[in-house]
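The values are calculated or read from the model by the stated rules, or taken from the named source; none is laboratory data. Nothing here was measured: the structure is a model prediction, and the numbers come from that model. Glycine gets a Cβ as well: all are built from the backbone with ideal geometry, and neighbour counts include every protein chain shown.
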Amino acid sequence: MLPLPRRFDGNEWFILGTIALGFVCVVLLPKRYPNAVATLVVLFCVSIAVILDHTIATPPLNMYNLNDQQKYELMDVVTYFMYSPYALISVYLYDRLNPRGIFFVAYIVGWSAFAVCFEWLAVIFHVFTYTGWRLLYSFSVYLIATPLQLLFFRYTMRYVRNSRTKV
């Protein structure tokens with residue numbers, strides 16, 4: 001069993017607060033796609049976070065620590081859901097706005113910048129403690145992760161639409 005935080009302080013409140021705020025925003029949005037698609041987007045987002053975290057935040061790289069302890073704790077798992085509601089908002093707006101060409105590039109850059117600002121706040125609240133990582137590196141990661149997430153969403157929506165027409 002994963003240990004609980006030693007103290008429930010600012011970083012835990014930041015994690016829970018941003019998750020709650022994000023999901024409240026998601027619930028207030030008009031529905032544009034099935035709940036199964038939203039669940040898959042959340043799982044995709046969490047999967048990317050887990051893969052990256054276990055690649056660059058563990059030995060031998062160990063470029064940052066999560067939360068208060070250097071060892072894995074329960075709130076580290078909850079942290080993986082921190083970006084999920086914002087991923088849902090991102091795909092919602094992508095589906096609604098349907099950016100093309102230069103607007104698609106601007107959309108990717110804009111959401112990547114949002115993610116970096118969000119991460120910067122997480123650093124201020126000691127969710128992440130960098131030991132070799134730089135915030136600038138995160139921007140390049142988000143420039144890759146954001147279009148992957150949108151491609152996954154498009155693929156999933158295409159599958160859902162095709163399966164409905166075949167029934």
- prompt: Got at least one residue in the range 57-70 being assigned to a helix (DSSP H, G or I), buried (at least 19 other Cβ atoms within 10 Å of the Cβ) and of a type outside the set (A, V, I, L, M)?
  reply: no
- request: Residues that are of a type in the set (Lys, Arg): find the helices (runs of 4 or more DSSP H) completely inside the range 78-167 holding 3 or more of those.
  value: 135-166
task: Find the residue count for the range 66-85, including only residues that are of a type in the set (S, T, N, Q) and over 17 Å from the mean Cα position of the chain (by Cα).
output: 2
- prompt: Got a sec? Which of TYR107, TYR92, TYR83 is closer than 20 Å to PHE153 by Cα and either in contact with a helix residue (DSSP H, G or I) (Cβ under 6 Å, 6 or more places away or on another chain) or among the acidic types (Asp, Glu) (or both)?
  reply: TYR83
task: Looking only at the range 88-136, count how many residues are without any contact (Cβ under 8 Å) to a residue 12 or more places away in the chain and either closer than 16 Å to ALA49 by Cβ or small (Gly, Ala, Ser) (or both).
output: 3
- request: Please identify the pairs in which a residue from the range 65-77 that is under 18 Å from LEU43 (Cα atoms) has its Cβ atom under 6 Å from the Cβ atom of a residue that is surrounded by 14 or more Cβ atoms within 10 Å (Cβ to Cβ) and at pLDDT below 85, counting only partners at least 6 apart or on another chain.
  value: MET75/PRO5
